[in-house]
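The structure under discussion appears below in the form of structure tokens.
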Number of protein chains: 2
Amino acid sequence: MKHKTILENAIKAMRARTYYAQYPEAPSGKVYGETANDDAKKRFETLSNSTFNQLLQEGASGTVGEERSPYGIPLSIQYPAFSTETLIKNAQNAQKQWANASYEKRADILIETLEQMKNVFFDIAYATMHTTGQAFMMSFQASGPHAADRALEAIAMGYEELSRYPVTTVRWDKPLGKVNAVLDKRFYVVPRGIGLVIGCSTFPVWNTVPGVYANLITGNPTIVKPHPKAILPIAIWVAKMQEVLKNAGFDPHIIQLAPDSTQNPITKQLAEHPAVKLIDFTGSSHFGNYIESIPNKTTFTEKSGVNSVIIDSFIDVDNALENLAFSVSLYSGQMCTAPQNFFIPKNGVNTNIGHLSFEEVVQKFADKVKNLAQNPKMGAGVLGAIQSEDTYQRIQNTKNQGYKIILEPQPIQNPEFPNSRTSSPLLIQVNAADYEKYAQELFGPIAFIIQTENTQESISLAKKLVEDKGGLTLSIYTSNAETKENMLQELLPVSVAIAFNLSGPTWINQSAGFSDFHGTGGNKAGNAAYTTPEFIVKRFTVVGVREQA
Amino acid sequence: MKHKTILENAIKAMRARTYYAQYPEAPSGKVYGETANDDAKKRFETLSNSTFNQLLQEGASGTVGEERSPYGIPLSIQYPAFSTETLIKNAQNAQKQWANASYEKRADILIETLEQMKNVFFDIAYATMHTTGQAFMMSFQASGPHAADRALEAIAMGYEELSRYPVTTVRWDKPLGKVNAVLDKRFYVVPRGIGLVIGCSTFPVWNTVPGVYANLITGNPTIVKPHPKAILPIAIWVAKMQEVLKNAGFDPHIIQLAPDSTQNPITKQLAEHPAVKLIDFTGSSHFGNYIESIPNKTTFTEKSGVNSVIIDSFIDVDNALENLAFSVSLYSGQMCTAPQNFFIPKNGVNTNIGHLSFEEVVQKFADKVKNLAQNPKMGAGVLGAIQSEDTYQRIQNTKNQGYKIILEPQPIQNPEFPNSRTSSPLLIQVNAADYEKYAQELFGPIAFIIQTENTQESISLAKKLVEDKGGLTLSIYTSNAETKENMLQELLPVSVAIAFNLSGPTWINQSAGFSDFHGTGGNKAGNAAYTTPEFIVKRFTVVGVREQA
């Protein structure tokens, strides 16, 4: 194996769960080549008004394309379109070759796709920025190195699980007194079938590649159905994978892209096709529940949820509230892991600078959110732009519903892209009793400050929210060790990732490859977690073949 | 750990998949105590007309009991009955203690239950014999040592999967240039909730304990809902588990028995209860499909299927047909793994004694089936008795449907139990075109000899049967290496366990613990396989807890 070391390091890292990264997250010329950024930027600019021609896929019929940059620049790229039947047939033709390759071979080729992906990390970054509205830094990190690390995780977990079974014939020799019963046995890993990975508009690469690589390491050819508004980043990724597969002597249709349009979507057709056995999905709960309900499919979903912050007391109030202000602002709250609901007791909280009233905590928080958004050196780089007009309208509609407004949403100055669609966070204050209001997911830069009777009520409500609506993250601030332990005992059973007292340069929104699981698969926010063994082992079966010796 | 060696040997065996058994399968006085058999027999005889009082379960309301021995002896045992709410409440009260025990502790206690189960293997054997109709030898082996080995498998796989995560705090230290981001992380295994294991009437222990031990090693308290006609064997098992749990200082309600009656079944109530998160099921496809369709449950099913034998050519025709005759006769075909459909080409087959015509093969096979059934030393000991009146009626009904009958069913002589409900196999000949007839599962001693055009048609039909109806086993006879390889390539994708040329004292019906997987989880016969990692890892989630360092 060419990439044995990379693989072994990844397996070791996932066991240890300490800090590890295979692909450096800094968009640095020293790491990725001094001209990499400029070259990619030029390439990106030439894509406008063209048809994307890097895919090695046969059978196109017409083109589709409706992406628009949230930064207000033109972006009129067309993509080849394919019928469901063509995509399925292409996948079926490629199926046997890929299933019959050894898992070592598959791992090697898949890691090679990541190694070569480094050459287009900047291309993918610009593509991500101008489809999702993420700022450049996040676009680079999330769709480049962080995604590649998550992909490597899936390869490593797959390799580990597949190497569990003997690859050569095993002799089974059972003593029966005078004679022995003797059989020769082989164990075959049988992939489930064709995989479909349905992408979302905000993280078109990061949320897509775990399922893609989990499918591929276990031998299932895969079709990526990107969101019609965010095709380019994953199109570049898929094209590079196809190139690597072809150069390795494999059918490039082992991985395919299935661009479609909002007018003529093909997602349901693909999902319901009998040959599609595995579906990975990121998106709304409504569509995710439909995906989970299709009979005879194995599904891996990340749906919507409502994430909470419980504030009991602060070890370091200013650093903590700066951390939280950053969390609600990062990519304008368009992360499935972003906090929405802040539970604060009505009698205020103890802090390192003395007791603060409820109003003082809220004001301090609002000031920090405002300062970040208005900081000319940070605002645009942290908040980015609003991906969809729907999200933008949601901010305006929520603002006008008569809530007590703590902080009005404002446009973010972005001198480089003056036509960007932007908004600073809208902060609203409600009471604990307004459950129906804050129990809905309001995707985007909208946060509720919820006044509770006390911390125990905050815990109960946060717990109920996870049970009723699901959640990906739960952030807790307390300086009391006993309270912390009680919270753990009460909240662990609802299966949501928890963080205590984050106050440095790590935010609740982020999950680190090789260390943090993304999602738990244990609540209504979805049934998948990157990357647990379950995310891998449901993608294949094992068939024993016995023979009289 | 007291039982570290047993555990480590089991883990090693499952990796190697060579022959291994922890619990000797011979009902031998030397192994299990010279008086064990007699003592158990006496204890069994005193149970008649009594109420089973060994359970350590609180909250009984009334009794149920309707078991009848297929061997025609009286068996009027009553069992305490429990309401669904009582069972759920008992389980919930026990939940936290068990979840908070370390997985090493859980493994140790669960292995201790198996070690102590040895003392009641003979009790369970008599209980199994007189509820299922299995002959004594199978009753002992299947419900005793083989079941205990499968239980140990689940413990071992669970231990391996749970030891994947760090048990102490991990420091995550990420360099960010001038500063580092430092977090302390812990990983908590969060059990899914309460487990329900629904047993069947023919293998009330063997098919039940894998789910029970998989649930328990991963921290989920479990309720066993036995078939109303086969309660006693698993009641003894559960009672012994409760005793061991109690002696270890744990709440015995971590495992509970939920006896009910055919008149007032509580299975659906239990299955649909929101606190029940895991359901293991063995039984009909009809009920199994319902179980799989209940929202928000993780299910492990073994439903019905149709098992085929493809006869292309014989290396050793007499030994092979004796093996097959034994397979259709063993426990009168009442095994989910028993072959039903025998595909034989119309032009006959090549064998070690020359070419045999279709008719000659069929006649040879029928003779061997008949000789086995009529052999006074073997008949009753191999065929046992017919568990249910329904199965017995099915034989008579099928016989009278105008099929070409190759072998008439006959009663089996059983001097010890002259009132046994017995039947030798009914062999029927049909054509390949009669697909609708042989594509139904006819549970019991009924087999179809299907005349095909050639081996290729046999393969296609056997494959189609697995795709349409599911199957647990596929037995193939061929002396041609190339044919064998082609069959493998064609049949592996439908994910059914395959055996070639079985002709010694190993039968397609049997799967060996630690070596063979039972089921694949990859076709309509069920979604579970004993014991793959998937059978384990779906029973818990992992929650990461981060804290600012």
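None of the figures in this text is laboratory data; all of them are computed from the coordinates on show. Predicted, not measured: the structure shown is a model, and the values here were computed from it. So basically every Cβ, Gly included, is an ideal-geometry build from the backbone, and we count neighbours across all protein chains shown.
For the reader, a short list of remarks on this structure follows.
- Considering all different alpha carbon pairs of the range B:135-180, the Kirkwood hydrodynamic radius works out to 14.6 Å.
- Taking amide H atoms as placed 1.01 Å from N in the peptide plane, the amide H of residue A:526 lies under 5 Å from those of A:303, each 5 or more residues away in sequence or on another chain.
- Where the Cα pairs of the range B:74-182 fall when distances are cut into 5 Å bins, in %: 2, 9, 11, 12, 13, 16, 12, 7, 4, 3, 3, 2, 2, 2, 1, 0, 0
- Extension gain (nm, one decimal) between residue B:171 and residue B:437, 0.36 nm per residue minus Cα-Cα: 89.4 nm
- Descending semi-axes in Å of the range A:28-135, equivalent ellipsoid built from Cα gyration tensor: 29, 23, 10
- Restricting the range A:19-116 to GluC sites (Glu not before Pro) in coil, as DSSP defines it, with at most 13 other Cβ within 10 Å: A:34
- DSSP beta bridges in the range A:308-500 [antiparallel fraction, %, rounded to 5]: 15 percent
- Looking at chain A alone, DSSP beta bridges between its own residues are antiparallel in about 35 percent of cases.
- Fraction of C-alpha pairs exceeding 41 angstrom in chain A: 24 percent, rounded to a whole number.
- With θ taken as phi - 60° and the Karplus curve 6.51 cos²θ - 1.76 cosθ + 1.60 applied, the whole-hertz 3J(HN,Hα) list for the range B:193-209 is x, 7, x, 10, 10, 9, x, 10, 8, 9, 10, x, 9, 4, 7, 9, 5 Hz, x standing for glycine and proline.
- Here the contact order of the range B:308-500, divided by its residue count and restricted to Cα pairs under 8 Å and six or more residues apart, works out to 30 percent.
- Relative contact order, whole percent, for the range B:221-340 stands at 18, derived from Cα pairs under 8 Å and 6 or more residues apart.
- Pair residue B:2, residue B:375: separation of 7 Å Cα→Cβ label points (nm): 4.3 nm
- Environment charge at residue A:546 (Cβ cut-off 15 Å; Lys +1, Arg +1, Asp -1, Glu -1): +2
- Under 19 Å from the residue B:41 label point (7 Å along Cα→beta-carbon), backbone N, the range B:415-429: B:415-420
- Rounded to the nearest Hz, the phi-derived 3J(HN,Hα) couplings of the range A:483-497 under the Karplus curve 6.51 cos²θ - 1.76 cosθ + 1.60 (θ = phi - 60°) are 4, 4, 5, 4, 4, 4, 4, 7, 9, 4, x, 8, 6, 9, 5, where x marks glycine and proline.
- Neighbouring partner chain Cβ atoms per residue of A:493-505, average, 10 Å criterion: 6
- Debye-sum result for the range B:308-500 in log10 I(q)/I(0), which assumes one identical scatterer on each alpha carbon, at q = 0.13 Å⁻¹: -0.65
- Coupling constants for the range B:216-223 follow from the phi torsions by the Karplus curve (6.51 cos²θ - 1.76 cosθ + 1.60, θ = phi - 60°), and in residue order they are 6, 5, 8, x, 9, x, 9, 10 Hz; glycine and proline get x.
- At R0 = 56 Å, FRET efficiency that the Cβ-Cβ distance of residue A:137 and residue B:100 yields, to 0.05: 0.85
- Entries of A:105/A:246; A:174/B:240; A:524/B:297; B:404/B:484 with Cα pairs more than 22 Å apart: A:174/B:240; B:404/B:484
- Residue A:26/residue A:352 FRET efficiency (R0 30 Å; Cβ-Cβ; nearest 0.05): 0.35
- Here the range A:24-50 and the range A:504-533 have alpha carbon centers that stand 29 Å from each other.
- Other-chain or far-sequence residues with amide H under 5 Å of residue B:181's (modelled H): B:174, B:176
- Using C-alpha pairs under 8 Å with a sequence gap of at least 6, the mean separation divided by the residue count of chain B gives a relative contact order of 18 percent.
- Estimated from helical segments only, the mean residue ellipticity of chain B at 222 nm is -12000 deg cm²/dmol, where each DSSP H run of four or more residues counts as -39500 (n - 2.57).
- Across chain A, the longest piece that holds none of the trypsin sites (Lys or Arg not before Pro) lying in DSSP loops with up to 14 other C-beta atoms within 10 Å covers A:3-177.
- Close amide H pairs (under 5 Å, H built 1.01 Å from N) link residue A:412 with A:422, A:423, A:424, residues at least 5 positions away or on another chain.
- Modelled spin labels at residue B:243 and residue B:401, positioned 7 Å past Cα toward Cβ, are 4.7 nm from each other.
- Quotient of Cα Rg and 2.2 N^0.38 Å for the protein assembly as shown, N being how many residues it contains: 1.00
- Label-point gap, in nm, between residue B:262 and residue A:115 - each point 7 angstrom along Cα→Cβ: 6.6 nm
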